[in-house]
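The values are calculated or read from the model by the stated rules, or taken from the named source; none is laboratory data. This is a predicted model, so every value here is computed, not measured. With ideal geometry, Cβ positions are generated from the backbone for all residues, glycine too; neighbour counts draw on all protein chains shown. Accessible surface is based on the protein model in full, side chains and every heavy atom, while ligands, DNA and RNA are left aside. Shrake-Rupley method; radii C 1.70, N 1.55, O 1.52, S 1.80 Å.
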Amino acid sequence: MKVAASTIFLLAASANAFTTSPSYAFKARTVSTSFSTSLFVSQSDLDGAQSMIDGILKEKNCGPVFVRLAWHDSGTFDVNAKEEWPAAGGAIASIRFDPEIKHGANAGLAGAVELLEPVKEKYPGVSYADIYQMASARGIELAGGPKIDMKYGRVDATSSKQCSVEGNLPDAEAGPDGNFGGDRGTCSNKDPTASGHLRKVFYRMGLNDEEIVALSGAHTFGRAYADRSGLGKEKTKF
């Protein structure tokens, strides 16, 4: 089976799309053929948010960084977490808080959060988590990629106390000791090989090898910047 990289990317980003907090009433309903929601959000707000996001994408040409924002917000997900929401992490918009936004892997993403703040201000009924995932899906589609069916109704983290610990995202290069990853995340992903490290990171999210390959391929969307990944034009094609 062939799987589009961008599709897997957004599937991973939506890993806990419908995890609900006890403080929210569950109101599942279909609002159109395009959108459905678990927590109530109006069709007009979703349409308005999408229109604003499309305008930002066309003006700023920032699709790749929106995909990265959505992925890094959701890439903390731990399928094995037993505690109540939001202990499992995932797409809960905790990335907008310090210290998570200042994690090394999130370098450069504060600007993406800032670009989307006007959308939340105009449409407060749409969660930050939904806005980040919507921006990612729209960035892919407007760049010529596939239309990705999305569902909305994600619950936002409400404070820095709900941030995920640092160390859950994959490393691009080995550390000084020759190992990839480390022991700082929700579980160790340290490994002397890149493949072993990736498996430890993504198996924690519930992904398999085929999905890891597809998701990794989404990194071809956009380019590397030295102030973000540490890898700039000296080490890459551009």
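Among LYS122/LYS147; LYS60/LYS147; LYS147/LYS190, which pairs are too far apart, with a Cα-Cα distance over 32 Å?
On the way: LYS122/LYS147 25 Å; LYS60/LYS147 20 Å; LYS147/LYS190 36 Å.
Distance filter (> 32 Å) returns LYS147/LYS190.
Please compute the per residue accessible area over region 147-217 with all protein chains in place, 1.4 Å probe, rounded to a whole number of Å².
In whole numbers, region 147-217 has 51 Å² accessible per residue.
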Can you tell me the length gained on complete extension of the stretch ALA174 to ASP45, counting 0.36 nm per residue apart and subtracting the Cα distance?
42.0 nm
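Order PHE40, PHE77, most accessible first, counting only protein heavy atoms with a 1.4 angstrom probe. Let's see the in-between values first.
Details: PHE40 115, PHE77 30 Å².
Heavy-atom accessible area, descending, gives PHE40, PHE77.
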Place a point 7 Å from Cα of ASP183 in the direction of its Cβ. Which residues in region 190-226 have their backbone N less than 14 Å from it?
190-191
Can you sort THR193, THR76, THR220, THR158 by 1.4 Å-probe accessible area, starting with the largest?
THR220, THR158, THR193, THR76
Ranked from highest to lowest mean number of other Cβ atoms within 10 Å per residue, what is the order of the peptides 59-67, 41-49, 88-96?
88-96, 59-67, 41-49
Roughly speaking, what is the stretch gain from ALA143 to LYS122, that is 0.36 nm per residue apart minus the C-alpha to C-alpha distance, in nm to one decimal?
5.1 nm
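Please give the contour-minus-distance gain from LYS102 to GLU114: 0.36 nm per residue of separation, less the Cα-Cα distance, rounded to one decimal in nm. Please list the in-between numbers first.
On the way: separation 12, 0.36 × 12 = 4.32 nm, distance 1.40 nm.
Using 0.36 nm per residue and subtracting the Cα-Cα distance, I get 2.9 nm.
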